[in-house]
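Q: Handing you this structure, nothing more for now.
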Amino acid sequence: MSKPLRKVVFPVAGLGTRFLPATKVVAKEMLPVLDKPLIQYAVDEAVDAGADTLIFVTNRYKHAIADYFDKAYELEAKLQEKGKAELLALVQGTLPRHVRAIFVTQPEALGLGHAVLCAKPVVGDEPFGVVLPDDLLWNGTGKGALRQMTELAEAQQAGVIAVEEVPHDETDKYGIVDATPVDERSASIRYMVEKPKPADAPSNLAVVGRYVLPGRIFHLLEQTTPGAGGEIQLTDAIEALLKEQGKVLAYRFEGIRFDCGNKAGLVRATMHMAMQDPKLAPTVRAFLDQL
Ligand code: UTP
């Protein structure tokens, strides 16, 4: 982890079945929380962490993500003509000027590990971040989770994985770590297991959608055979990295996670963001009271 983090991978080639029928045509990552799509929150967090190269691993149905970050000539001309400077800034601000977006395809949804491996030709041999946009991590005006993790990875010269405690009966939805505490927020991982049954889980510390990893992980992903659910699991390659390098850290990020990969999480995120907006909050609160 000697080089600073510049590249972040967004695996967005999943099928998004939990949001069908909307995801027949709308990529899950384009679902909005208020007026911003999930992918925008994820990109903002990556840019806050210092990234200048964003790699989107997509599939052939997800053109909307590329369109969203592209220049919208007609719309921009119209807003300019009408003197709508604020709206123009919003439309132009989806990607800062110094940041470039690169799109690679995952031909088949063979799992998160496989999706990350598809980014290898662009990332090469340097440390990089992985952000799953359906986990929306919010820390108000504080540092974003990926920035917190990047700082730790650089200071400790180790891979860092975001974790959060989950209810014991939900361990089979997550990668679960067994870790020795280092300080209040970080712990040294002893081992990791993907989606264990609650009875077999070593803890309730679950891996959530943020990772800072060395380029070496690609080599290990190439050796990884399909694991839980028949998919090539990133967790399995990280477990191999741990065996090889002896040190990968689990990090309890500062902030709140909204699992927007399911309906309840998306609703919670939307209500939370509405409550942060002084113009919207009174109306939403009144409506909730009425309900
Ligand atoms: P999920 O497990 O949430 O799957 O993937 P999904 O297909 O997106 O959604 P559901 O479960 O069908 O509703 C976690 C992350 O990994 C990416 C997804 O896009 C999501 O960001 N992913 C998963 C890939 O990019 N490729 C894959 O083969 C699998």
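Q: Once you keep just the Cα pairs under 8 angstrom separated by 6 or more residues, what percentage relative contact order results for the chain?
A: Relative contact order for the chain comes out at 22 percent.
Q: What's the angle, to the nearest 10 degrees (0 to 90), between helix 234-245's Cα axis and the longest principal axis of the chain?
A: 50
Q: Gap in Å between the Cα centre of the stretch 1-68 and the Cα centre of the stretch 145-163?
A: The stretch 145-163 and the stretch 1-68 have Cα centres separated by 21 Å.
Q: Work out, step by step, the length gained on full extension between residue 244 and residue 263: first 0.36 nm times the residue separation, then minus their alpha carbon distance; give nm to one decimal.
A: 3.0 nm
Q: Within 13 Å, Cβ to Cβ, of residue 64, how many net charges do the neighbouring residues add up to if Lys/Arg are +1 and Asp/Glu are -1? Kindly include the intermediate steps, with their values, before the conclusion.
A: Values: positive: 24, 28, 60, 62; negative: 29, 67, 70.
It works out to a net charge of +1.
Q: Give me the dipole magnitude in Debye, nearest 20, for the stretch 102-189 about the Cα centre, with unit charges on the beta carbon: positive for Lys and Arg, negative for Asp and Glu.
A: Rounded to the nearest 20 debye, it is 340 debye.
Q: Then there is this: Residue 7: which lysines have alpha carbons under 29 Å from its alpha carbon, excluding same-chain residues fewer than 8 sequence positions away?
A: Qualifying lysines at Cα under 29 Å: 28, 36, 62, 71, 120, 143, 173, 195, 243, 247.
Q: Cα gyration tensor of the stretch 136-237, axes a ≥ b ≥ c as square roots of the eigenvalues: rounded (a/c below 1.5), prolate (a/b > b/c) or oblate?
A: Judged from the Cα gyration tensor, the stretch 136-237 comes out oblate (a/c at least 1.5, b/c at or above a/b).
Q: Any chance you could give the angle, 0 to 90 degrees and rounded to 10, that helix 281-290 forms with the longest Cα principal axis of the chain?
A: For 281-290 against the chain, the angle is about 80 degrees.
Q: Restricting to DSSP H runs of at least four residues, report the calculated mean residue ellipticity at 222 nm for the chain, -39500 (n - 2.57) per run over all residues, nearest 500 deg cm²/dmol. Don't skip to the answer; put the middle values down first.
A: Working: 11 runs with 101 residues, N = 291.
Calculated from helices alone, the mean residue ellipticity at 222 nm is -10000 deg cm²/dmol.
Q: Right, next: Count neighbours as other Cβ atoms within 10 Å of each site's Cβ, and list the trypsin sites (Lys or Arg not before Pro) in the stretch 61-141 that are DSSP loop with at most 12 such neighbours.
A: 71, 82, 97
Q: Ranked highest first by the average count of other Cβ atoms within 10 Å around their residues, in what order do 136-143, 151-158, 46-53, 204-211 fall?
A: Ranking, from highest mean packing down: 204-211, 46-53, 151-158, 136-143.
Q: State to the nearest 20 debye the size of the charge dipole of the stretch 112-245 about its Cα centre, where the only charges are +1 on K and R beta carbons and -1 on D and E beta carbons.
A: About 220 debye.
Q: If you don't mind, another one. Does the stretch 114-175 come out rounded, prolate or oblate, given a ≥ b ≥ c as the square roots of the eigenvalues of its C-alpha gyration tensor, rounded meaning a/c under 1.5 and, failing that, prolate meaning a/b above b/c?
A: Cα axes put the stretch 114-175 in the oblate bin.
Q: On to the next question. If one computes P(r) from the Cα atoms of the stretch 159-291, what percent of pairs lie at distances over 23 Å?
A: Considering the stretch 159-291, 43 percent of its Cα-Cα pairs are separated by more than 23 Å.
Q: For the stretch 90-153, with only Lys/Arg (+1) and Asp/Glu (-1) charged at the beta-carbon, what is the dipole magnitude about the Cα centre, in debye rounded to 20?
A: Its charge dipole is roughly 280 debye.
Q: Decide, for the chain, between rounded, prolate and oblate: order the square roots of the alpha carbon gyration tensor eigenvalues as a ≥ b ≥ c, take rounded if a/c falls under 1.5, and otherwise choose prolate if a/b is larger than b/c, else oblate. Provide the component values of the computation, followed by the final result.
A: Values: a/c = 1.63, a/b = 1.36, b/c = 1.20.
Note, shape of the chain comes out prolate.
Q: Please list 119-130, 242-253 highest first by mean number of surrounding beta-carbon atoms within 10 Å per residue. Intermediate results must be reported in sequence, preceding the final value.
A: Details: 119-130: 19.8, 242-253: 18.0.
The peptides rank, most packed first, as 119-130, 242-253.
No value in this document is a laboratory result; all are computed from the given coordinates. Since we're looking at a predicted model, the values are computed, not measured. Positions of Cβ are generated from backbone atoms using ideal geometry, with glycine treated the same way; all protein chains shown enter the neighbour counts.
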